[in-house]
Structure formats: C-alpha cells, structure tokens
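This report concerns only the one structure given below.
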Amino acid sequence: CDEARREADRAAWLDPMCLAVNTSAAWVRYAAGEFDEAIDRCRHALEMESGYSLARRLLGAAYVAAGRHREGIAELEKVSGDDCVRSVSLAWLAQAKAVSGRSDEASDLLAHLAGLHTDCYVPAYHMALAYAALGRTDAAFASLSRAFDDRDPAVVQLGVEPRFAPLRNEARFAGLLAQLSLPSGVSVAGGWKSP
C-alpha cells in the first residue's frame, strides 16, 4: 500500500492537471481505507472538471465508506447520462442506498439494471457490490462469477475493494482471489496489508 501511495502521489505531482491521474490517486487512498484523503483528491479532480464522472462516482463511494451516506448518495445521483452510460454509477448508487438502510430503493435499482441487460452492458462486478450490501451473498457471488467469465478488468480490484467486506469471510471469496492469483490480506478498514 505504501508503494502504491508513493507512486500515485508522484504521478499526481508530475501531472497535477490530469483528471485520470488525480482520480487514480484518490482510488489508492480509497482502497487503503483513507476515505477523507480520497474525498479531498476527488474534490480536487472535480474542481478541474465538475462533469468528470469517474471522480464523482468515487467521491460518492468514499463518502458512503466514511459513513456520510447522504452526501455519497447525492454525489452518485449527480452522475449524468442515460442509464446505459451510467449503469456502473447506478449499481454504486444501489450499494450506497443499501448501506444507508434504503434496501427497497436499492433492490428497485438492481431490478432496473437487470432489465437493462437487453439494451446495454451492465457490468456484473458492480452489480455484485450492491448485492453484497443487501446481504444477498449468493447473488453477489453469481455476479462476480459472471464478471470473471466476462473478463471484466475491475475484478483485479476484488482484494482491496472495501465494499466487498461483507463477503471476505466466505470461502468463495478466497477462491476468487486464488483464481486471480491475488493475495487475500485485507485489513478491517478495507485497505491493503501484506498477507
């Protein structure tokens, strides 16, 4: 984690105006469980470009992870575009609503996203985040299995994604990490630590 932090900081220092670099630096902080720092870095990226959806989405997730559910949901609701364009953001919004106790709304969003499959690609990895938050463990693992089959590049984040904390004690989770040849050492805060 320290090396990732150093490299992300160096990249942001070398190219302070790059939205992708700044958002990547925010992701490293988020994955390490440093949610306030992730929030600050996302805000910086959004000061440069308020419509940058990747930073907006990560800002929402960081707020939720920090226990600031209302702010997180508000940020995720700001992501614009049609439902196909913002399907990942809608899945993240469903996860945020589930965590904040709005399970019915989260389930409705998931049903809506499931209905979009005929018209557009809805990444199963991101659906799994919402299923995990709702306590629908089997559905979460089924979605993760689909993500593996789809070769979704997001699966490489599985071991450090804080929102998968509800699944970490499952043998199936360790099995998925083993499939990826990823270490399973994750701290309580959701960030990376050496196994």
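The values are calculated or read from the model by the stated rules, or taken from the named source; none is laboratory data. Owing to the predicted nature of the structure, the values given are computational and were not obtained by experimental measurement. Note: ideal-geometry Cβ built from the backbone for every residue, glycine included; neighbour counts use all protein chains shown. The protein model used for the area step is the full one, side chains on, heavy atoms only, and it has no ligands, DNA or RNA in it. Shrake-Rupley method; radii C 1.70, N 1.55, O 1.52, S 1.80 Å.
Of everything in region 1-29, what is within 19 Å of residue 161 (Cα to Cα), open to solvent by less than 90 Å² (accessible area, probe 1.4 Å) and modelled with pLDDT under 90? Give them in sequence order.
Within region 1-29, 1, 4, 5, 8 meet the criteria.
Go through region 148-161 and count every residue that is closer than 21 Å to residue 122 by Cα, open to solvent by 20 Å² or more (accessible area, probe 1.4 Å) and either in a helix (DSSP H, G or I) or not basic (Lys, Arg) (or both).
6
Kindly indicate which of 142, 171 is over 26 Å from residue 24 (Cβ atoms) and open to solvent by less than 60 Å² (accessible area, probe 1.4 Å). Write out each step before concluding.
On the way: 171 fails: open to solvent by less than 60 Å² (accessible area, probe 1.4 Å).
Exactly one of 142, 171 is over 26 Å from residue 24 (Cβ atoms) and open to solvent by less than 60 Å² (accessible area, probe 1.4 Å), namely 142.
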